[in-house]
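Report on the structure given below.
The values are calculated or read from the model by the stated rules, or taken from the named source; none is laboratory data. All values reported here derive from a predicted model rather than from experimental measurement. A quick note on method: Cβ atoms are made from the backbone with ideal geometry, for glycine too, and the neighbour counts reach across all protein chains shown. Calculation scope for accessible area: heavy atoms of the full protein, side chains included, ligands and nucleic acids excluded. Shrake-Rupley method; radii C 1.70, N 1.55, O 1.52, S 1.80 Å.
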Amino acid sequence: MGEFKVHRVRFFNYVPSGIRCVAYNNQSNRLAVSRTDGTVEIYNLSANYFQEKFFPGHESRATEALCWAKGQRLFSAGLNGEIIEYDLQALNIKYAMDAFGGPIWSMAASPSGSQLLAGCEDGSVKLFQITPDKIQFERNFDRQKSRILSLSWRPSGTHIAAGSIDYISVFDVKSGSAIHKMLVDRQYMGVSKRKCIIWGVAFLSDGTVISVDSAGKVQFWDSATGTLVKNHLVANADVQSIAVSDQEDSFVVGTAEGTVFHFQLVSVTSNSSEKQWVRTKPFQHHTHDVRAVAHSPTALISGGTDTHLVIRPLMEKVEVKNYDAALRKITFPHRRLISCSKKKQLLLFQFAHHLELWQLGSTVATGKNGDTLPLSKDADHLLHLKTKGPENIICSCISPCGSWIAYSTASRFFLYRLSYERDNISLQRVSKMPAFLRSALQILFSEDSAKLFVASNQGSLHIIRLLEGSFKHLHTFQPQSGTVESMCLLAVSPDGNWLAASGTSAGVHVYNVKNLKLHCTVPAYNFPVTALAIAPSTNNLVIAHSDQQVFEYSIPDKQYTEWSRTIQKQGFHHLWLQRDTPITHISFHLKRPMHILLHDAYMFCIIDKSLPLPNDKTLLYNPLPPKNESDVIRRRTAHAFKISKIYKISLSTVSRFPRTT
Amino acid sequence: MVQLRPRVSRTPASASAMVDEGQPASEEEAEHGLLLGQPSSGAAAEPLQDDEEGDSEFDEDEAPEELTFASAQAEAREEERRVRETVRRDKALLKEKRKRREELFIEQKKRKLLPDTVLEKLTTAPQTTIKKSPGKLKEVILQKKNEECEKGSDSKKTKEKVQKVQSVGHNKSYLAVRLKDQDLRDSRQEAAKAFIQNCLYGPGTNRTTVNKFLSLDNKRLPVKKAAAQFLNNAWGTQRKQNAKRFKRRWMVRRMKTSKK
């Protein structure tokens with residue numbers, strides 16, 4: 001009989017939404033990605049491309065443009081006509097300002113970072129001044145006949161190129177008047193009935209304007225004379241995005257066929273000083289339209305309708321050629337969307353606008369290790385809970401006993417009581433939730449389902465006691481020393497005494513739930529935490545970081561455990577450190593305190609602390625040795641990390657149900 | 001007798017001459033005109049010739065029949081009467097249709113107006129004020145009715161919705177609306193979304209569905225395969241609905257029997 005019964009759940013129909021805009025910030029090496037459902041995600045490219053922050057989406061927000069301004073401020077504009085500024089500390093929206101020009105199609109921040117331009121549906125280009133706490137409308141430029149679909153500033157800040165339908169205008173910033181109007185051919189050397197839409201423009205410092213349009217052309221214009229210099233036909237379909245590097249020697253364009261082209265400025269002959277733009281590399285990493293591209297100093301970033309975010313480091317720009325220079329494709333979410341109720345064997349799936357509750361199937365058959373057992377009772381879809389209102393669900397949780405469901409959107413918090421009688425399930429909403437609970441980033445129930453822990457995006461932690469049909473607010477832990485650091489991850493110990501909470505930078509705080517006081521703080525590490533869990537009997541806090549380091553901290557002793565120190569001294573196996581996806585869940589074996597179970601998107605691993613640690617020379621992914629090998633060899637090859645890659649692409653939680661034999 | 005094919009479109013003059021009663025003398029001329037008044041172009045002349053040939057198949061050798069004046073006159077009169085009848089009938093039908101439509105409109109208008117009792121109450125009690133939004137008049141009526149029905153019970157929802165108002169006067173030339181009550185859809189935003197949809201996925205873009213793409217691939221292989229068929233979720237919707245209804249009824253029955 002195998003040790004675990006593994007339920008392979010394949011009925012979680014998670015469909016991510018397509019990527020619409022991408023904006024790269026050079027100073028902090030961060031990438032802001034906005035999706036078609038309104039979600040904005042922030043990826044930290046230096047922390048192993050981990051998604052550290054996100055802003056939940058909204059049905060009415062159809063973002064069309066995203067840009068960074070001076071001082072790490074993020075702005076977005078969309079088809080509802082509003083410019084939205086995001087608060088990156090408190091993880092909420094600071095304000096939304098209507099530009100009064102109709103739907104906004106494009107937005108660009110000035111090279112100095114203090115001004116913002118918005119191109120609107122009515123053909124006007126509006127200039128805003130960025131003040132320390134808000135933005136202020138300054139003036140309108142000359143109004144054009146059709147909608148302004150793309151904008152670009154000249155690096156000196158004196159001119160602007162605006163792409164519209166069938167023409168490109170060049171404006172002078174000081175006077176606000178259009179200097180040139182450059183008409184674009186509808187088709188490459190031909191006529192066409194379909195209008196030519198200029199999807200992207202880029203203004204270089206020598207006065208060249210590069211435009212990409214829906215006929216598949218990349219054109220170079222001279223802004224001083226307003227004439228076409230060079231014409232490249234790159235695709236049969238639209239070329240939808242363009243991004244230029246800071247040194248202006250290369251740029252990247254994305255097409256509707258899924259191809260990304262890299263253009264570089266190379267000298268005409270090997271020792272001449274004259275340079276020209278040449279299309280150097282095509283990349284086909286996408287299957288659908290590439291609607292957004294960005295150019296960082298060392299990599300090309302692209303995202304589109306097929307929901308993958310692809311980061312392709314450029315070989316000639318990367319200094320150290322190691323595993324970091326490989327292609328990165330971010331497909332799966334970096335946070336947990338599934339919660340589990342151990343007692344009733346229920347799973348709660350979180351989608352953008354609804355929750356689904358499923359009962360796992362059961363089997364009475366037994367078999368050997370590796371067998372597939374037939375189900376005697378199929379998985380059952382018990383509940384489909386739709387959320388009211390246009391906002392997306394931020395987080396959700398089901399209690400271990402299965403009788404409470406809680407979820408939160410940006411403006412409301414919902415708590416439901418479930419009751420099971422015979423074969424029926426009924427739901428009752430607990431009304432009058434307090435206002436401070438809304439916009440929670442993480443919700444967790446205690447093991448005995450008597451307490452609810454909520455981490456809000458203001459940095460405070462709330463403890464609510466759950467009674468039979470109502471609740472009582474017990475305590476709130478305020479954030480330390482005035483900083484508004486939003487707590488993203490929570491973990492509670494099975495005996496209910498300790499609560500661990502981690503923010504994005506400041507280390508992991510451990511609170512004593514009985515005394516309602518802060519117990520200790522794990523020292524801060526420069527990579528964000530991806531998973532947290534507290535072991536049942538030893539009360540060891542296991543922390544996984546985005547650079548694939550795993551730490552074990554003993555809460556009662558307030559120091560790292562021996563095992564953790566040993567593995568830090570020796571270092572992890574190089575293959576372990578080269579994994580792409582972050583560890584999203586850690587769990588424990590009830591009867592074996594030496595085992596830690598963890599998983600990421602592509603593998604499932606059990607760390608046995610009693611076995612020796614692997615060094616770089618041993619095989620990390622070792623399958624079970626054949627039975628007829630001698631004991632000596634088996635002992636030599638066995639090491640602590642037992643990894644299984646059979647269950648690929650796991651988004652699920654791992655939990656240990658009590659074995660009923 | 002040779003059957004005359006009505007050639008109204010080509011010889012309008014002759015047709016009107018036929019209908020016109022005040023020229024009986026020219027009837028025969030008209031008849032002949034119909035025969036002779038064919039355009040000389042070959043294409044038009046041929047079918048008539050064919051027709052004539054087909055008709056006169058049986059009497060090729062015989063001379064054309066004589067037509068008495070009386071019979072021709074009678075026939076012409078018949079034709080003209082028939083035409084008049086049809087025109088009259090058409091006019092009558094149109095009139096009927098218009099009448100019915102008018103009545104329908106009047107009825108709809110009557111239905112749309114608030115019932116008399118509610119109107120009285122509104123005019124006599126100017127304190128209660130409800131903000132109406134265009135197209136949501138019926139909802140407001142329902143709310144008012146609900147309020148009247150549940151006079152004792154406090155339905156908080158309706159009370160919340162009933163907000164500050166303007167008195168409903170007889171001249172409904174303007175309507176004050178709260179912007180928050182409007183749907184989240186804005187017509188400009190809708191137009192913008194339609195524009196993008198048209199640009200990227202509308203006619204003229206070289207896009208196709210996955211089904212067609214894969215099917216074409218299958219058909220272009222050296223060994224042709226069947227077209228790709230994806231799951232059709234719209235299949236058997238009626239059956240599925242019936243099954244759902246039956247399940248619900250069965251559950252209720254089961255609950256009842258188990259309770260007993």
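Of note:
- Residues of region A:170-197 classified as within 17 Å of A:Trp221 (Cα to Cα) and either aliphatic (A, V, I, L, M) or in contact with an Asp or Glu (Cβ under 8 Å, 6 or more places away or on another chain) (or both), total: 11
- Test: residue in region A:95-104 that is open to solvent by 60 Å² or more (accessible area, probe 1.4 Å), within 14 Å of chain B (Cβ to nearest Cβ) and either in a loop (DSSP other than H, G, I, E, B) or at positive phi (or both): yes
- Evaluating A:Glu59 against the criteria (1) more than 20 Å from the chain's Cα centre (by Cα); (2) surrounded by fewer than 20 Cβ atoms within 10 Å (Cβ to Cβ) leaves one unmet condition, (1).
- Test: residue in region B:181-199 that is touching a residue at least 12 places away in the same chain (Cβ under 8 Å), more than 13 Å from chain A (Cβ to nearest Cβ) and charged (D, E, K, R): yes
- Subset tally (residues that are open to solvent by less than 30 Å² (accessible area, probe 1.4 Å), in a loop (DSSP other than H, G, I, E, B) and of a type outside the set (Val, Ile, Thr)) for region A:167-197: 2
- Selection within region A:421-435 - assigned to a loop (DSSP other than H, G, I, E, B) and of a type in the set (D, E, K, R): A:Arg422, A:Asp423, A:Lys432
- Filter result (over 22 Å from A:Thr255 (Cβ atoms) and touching a Pro at 6+ places or on another chain (Cβ under 8 Å)) within region A:155-206: A:Pro155, A:Ser156, A:Gly157, A:Ser205
- The number of residues in region A:25-48 being crowded, with 23+ Cβ neighbours inside 10 Å and out of contact with any Cys (no Cβ under 6 Å at 6 or more places or on another chain) comes to 6.
- The lone criterion from (1) open to solvent by 10 Å² or more (accessible area, probe 1.4 Å); (2) in contact with a strand residue (DSSP E or B) (Cβ under 9 Å, 6 or more places away or on another chain); (3) among the β-branched types (Val, Ile, Thr) left unmet by A:Val15 is number (2).
- Applying a threshold of 6 Å to beta carbon distances and a minimum spacing of six or more residues, or different chains, the list of pairs starting in region A:107-127 at a residue that is away from chain B (no Cβ under 14 Å) and of a type in the set (Ser, Thr, Tyr) and ending at one that is crowded, with 21+ Cβ neighbours inside 10 Å and in a strand (DSSP E or B) reads A:Ser114/A:Ile130.
- Residue match in region A:320-335 (condition: more than 14 Å from chain B (Cβ to nearest Cβ), free of Cβ contacts under 8 Å to residues at least 40 places away in the same chain and among the aromatic types (Phe, Trp, Tyr)): no
- Residue, modelled with the lowest pLDDT, within region B:204-221, restricted to residues that are facing chain A (nearest Cβ under 9 Å) and open to solvent by 60 Å² or more (accessible area, probe 1.4 Å): B:Asn206
- Leading residue by the ranking (farthest from the other protein chains (Cβ to nearest Cβ)) among those in region A:217-233 that are part of a strand (DSSP E or B) and either surrounded by 19 or more Cβ atoms within 10 Å (Cβ to Cβ) or small (Gly, Ala, Ser) (or both): A:Trp221
- Across region A:64-84, the qualifying residues are those that are farther than 20 Å from A:Thr409 by Cβ and among the charged types (D, E, K, R), and the one among them that is nearest to the other protein chains (Cβ to nearest Cβ) is A:Glu64.
Yes or no, residue by residue, for (1) in contact with a His (Cβ under 6 Å, 6 or more places away or on another chain); (2) within 24 Å of B:Ala192 (Cβ to Cβ):
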position: A:Ala178; (1), (2): no, yes
position: A:Leu204; (1), (2): no, no
position: A:Phe220; (1), (2): no, no
position: A:Gly226; (1), (2): yes, no
position: A:Asn236; (1), (2): no, no
position: A:Ile242; (1), (2): no, yes
position: A:Leu265; (1), (2): no, no
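- Filtering A:Val252, A:Val290 for residues that are within 14 Å of chain B (Cβ to nearest Cβ), open to solvent by less than 40 Å² (accessible area, probe 1.4 Å) and closer than 28 Å to A:Asp580 by Cα leaves a single hit, A:Val290.
- Among the residues here, A:Ala77 does not qualify as open to solvent by 10 Å² or more (accessible area, probe 1.4 Å), aliphatic (A, V, I, L, M), at negative phi and assigned to a strand (DSSP E or B).
- Top-ranked residue of region A:204-213 - restricted to ones that are surrounded by fewer than 24 Cβ atoms within 10 Å (Cβ to Cβ) and not β-branched (Val, Ile, Thr), ranked as nearest to the other protein chains (Cβ to nearest Cβ): A:Leu204
- Some residue of region B:251-260 being within 37 Å of the chain's Cα centre (by Cα) and open to solvent by less than 80 Å² (accessible area, probe 1.4 Å): no
- Considering A:Arg10, A:Arg61, the condition of being in a loop (DSSP other than H, G, I, E, B), more than 14 Å from chain B (Cβ to nearest Cβ) and charged (D, E, K, R) is satisfied by A:Arg10 alone.
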